[in-house]
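Here the structure is laid out as structure tokens; the discussion comes afterwards.
The values are calculated or read from the model by the stated rules, or taken from the named source; none is laboratory data. Quick caveat: nothing in here was measured; it's all calculated off a predicted structure. All Cβ positions, glycine included, derive from the backbone under ideal geometry; neighbour counts span all protein chains shown.
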């Protein structure tokens, strides 16, 4: 048959390195594959793979039964407003809260009036704040859309403008109501903030009658006021 291997195939060459050293090379390769698989599995579990739910990132915010106690009013007072006195069966401020394994919800509403307003002046001003601690579902994917949808809402009297706010939480948006008439009876502004899995919203609404001696706040002034109040309020919610 000469120098060939006959009808049988030539023997496979040994692993690189030859002899016993080659066996160690294969063991090292196998060990590296095991480590890489373990790292990959850890990443998958951390991101919710294999059916594992990701851990809620509440960014240090905590639940409170009275959101009004955490709502900072200095910016509103500096803008020339004071809380209305409670009248009759209506309390002021008003708050509510509820806890759930999926979502902790907190609300606060406060009625205001211009500081030193006379009894003959009619106006209506209120601040509404809400906060949510999302424990099961990340609110990030839908958060912006909740505010962008206002851009599609129009009436014969109003349109809405949505702007992004820099430097507030992980993302924030402000919605301002734009009047299509020449008369300006007051501002209506919504500010939404998300940080981690915490969401916060504050709304300022003002109506000033044409016969009132008080001038209504502009949308820009109300936006600045809400941003200042939100920054201070969110800091209190992390204490």
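General remarks:
- Of the numbered criteria (1) touching a helix residue (DSSP H, G or I) at 6+ places or on another chain (Cβ under 8 Å); (2) surrounded by fewer than 19 Cβ atoms within 10 Å (Cβ to Cβ), the one residue 141 fails is (1).
- Residues satisfying the stated conditions in the stretch 97-108, i.e. closer than 25 Å to residue 223 by Cα and surrounded by fewer than 19 Cβ atoms within 10 Å (Cβ to Cβ): 105, 107
- For the stretch 165-207, a residue qualifies if it is surrounded by 21 or more Cβ atoms within 10 Å (Cβ to Cβ), in a loop (DSSP other than H, G, I, E, B) and either at pLDDT below 95 or in contact with a helix residue (DSSP H, G or I) (Cβ under 6 Å, 6 or more places away or on another chain) (or both), and the qualifying residues are 186, 187.
- Within the stretch 68-96, being surrounded by 19 or more Cβ atoms within 10 Å (Cβ to Cβ) and closer than 24 Å to residue 56 by Cβ holds for 70, 71, 95.
- Number of the condition not met by residue 82 [criteria: (1) free of Cβ contacts under 8 Å to residues at least 40 places away in the same chain; (2) under 21 Å from residue 218 (Cα atoms); (3) not in a strand (DSSP E or B)]: (3)
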